[in-house]
Amino acid sequence: MFKEIYKKIEEYDTIVIARHIGVDPDALASQLALRDSIKLTFPNKKVSAIGTGSAKFYSIGKLDKLEKVNNALLIVLDTPDKKRVDSVDFSQFAYMIKIDHHPFVEEFCDLEYIEDTASSTAEIIMNLIMNTDLECDKNVAETLYLGLASDSNRFLFDSCTSKTFGLISIFLEKYNFELSEVYKKLYLRPMNEVRLEGYIALNMNVTENGLGYIQITNEVLNQLEVDSASAGNMINNFNFIKEVLVWATITEDVKNDQIRVSIRSRGPEINEVAEKFNGGGHKFASGAKLKSFDDAMQLMKELDECLIEYNKTLSEEN
């Protein structure tokens, strides 16, 4: 299918690359790297990477302004369902391609490549470049590594396989980018975010079934001088708490009039629970955007019930 994707890229002079709402490093890095790779390969094409950005990720690269297009190709990355695509008017596009590593939710593009065993969308874009005539340089390679390292939490997740490390080895050897510079872009952060991490650790509620969660109000965000995305962005920092199997940050987002919930699991599959609340994601990494803290607490209740069943099954097996 990579050849089919390349043919469509070759066919269209105007290409727009989009991704899901609530930008994260994998989605952004995949967008920017694919845009720059296409530009290297076809200098005369107009290629844009669009969506709402985040100050936290400015070091990864800049997005483009959304402009009206005609007879254009749309490539949607890292997004399983149409409602979560950021800043796109689908009626403007003559052809649409989806490239994603989430479990299938719905078909909404003309051509869809889904590899839900891949560590990241960045890994899929690496494979796309390796298996077509798309060009790559040091900047593109570094950006893709950044996306992969972020979404795999520095290769801690089981989605990283020998194929993943084989790809990384090829890109490192060929393009010789500096890993220390990549990790600076990912993990260098201001003191106020470190204090937020401390606040979460000190105030996390933990149920007897192994659910850890915290509600972060706009008042707390203002006191710590952080934005509403900060808590969700550090969700993976709490991976290895012995007493916690599923954990979540519940953050008030006044600007968008919603409650942002980020969820991770080291045991039960959580994506189906998140889907009940207009969210979703991976089996062990999901999220949702809700209307109220009450809705969020209902989600926590169902996650806790999921843990009861999970722990019961473990007990029976042992």
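Key figures
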{"quantity": "About the Cα centre, charge dipole magnitude for region 41-129 (Lys/Arg +1, Asp/Glu -1 at Cβ), debye", "calculated": "560"}
{"quantity": "DSSP H segments from the chain that extend 15 Å or more along their own axis, Cα-based, with Kyte-Doolittle mean of -0.5 or above", "calculated": "25-41, 138-151, 162-175, 191-203"}
{"quantity": "The chain: calculated mean residue ellipticity at 222 nm from DSSP helix runs of at least 4, using -39500 (n - 2.57)", "calculated": "-12500 deg cm²/dmol"}
{"quantity": "Chymotrypsin sites (Phe, Trp or Tyr not before Pro) lying in DSSP loop within region 224-308, provided at most 16 other Cβ fall within 10 Å", "calculated": "Phe240"}
{"quantity": "Length added when fully stretched, Leu188-Glu135, from 0.36 nm per residue minus Cα-Cα", "calculated": "16.1 nm"}
{"quantity": "Additional length obtainable on full extension of the chain from Arg154 to Thr117, 0.36 nm per residue less Cα span", "calculated": "11.7 nm"}
{"quantity": "Per-peptide average of other Cβ atoms within 10 Å, ordering 74-82, 222-230 highest first", "calculated": "74-82, 222-230"}
{"quantity": "Peptide ranges 55-63, 118-126 listed from the most packed, as the mean C-beta count within 10 angstrom indicates", "calculated": "118-126, 55-63"}
{"quantity": "Separation in nanometres of the label points that stand 7 Å from Cα toward Cβ, at Lys242 and Ser91", "calculated": "6.0"}
{"quantity": "Within region 3-65: Cβ-based charge dipole about Cα centre, in debye rounded to nearest 20 (Lys, Arg +1; Asp, Glu -1)", "calculated": "120"}
{"quantity": "Dipole moment magnitude, nearest 20 debye, the chain about Cα centre, only Lys, Arg, Asp, Glu C-beta charged", "calculated": "820"}
{"quantity": "Charge sum, other residues only, whose C-beta stays under 12 Å from Ile9's C-beta, Lys/Arg counted +1 and Asp/Glu -1", "calculated": "0"}
{"quantity": "Efficiency of FRET between Lys312 and Asn278 - r from beta-carbon atoms, R0 35 angstrom, step 0.05", "calculated": "0.80"}
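Here, each number is a calculation from the coordinates, and none is a lab measurement. Since this is a predicted model, take the numbers as computed values, not measurements. Methodologically, a virtual Cβ is constructed for each residue, glycine included, from the backbone with ideal geometry; neighbour enumeration extends over all protein chains shown.
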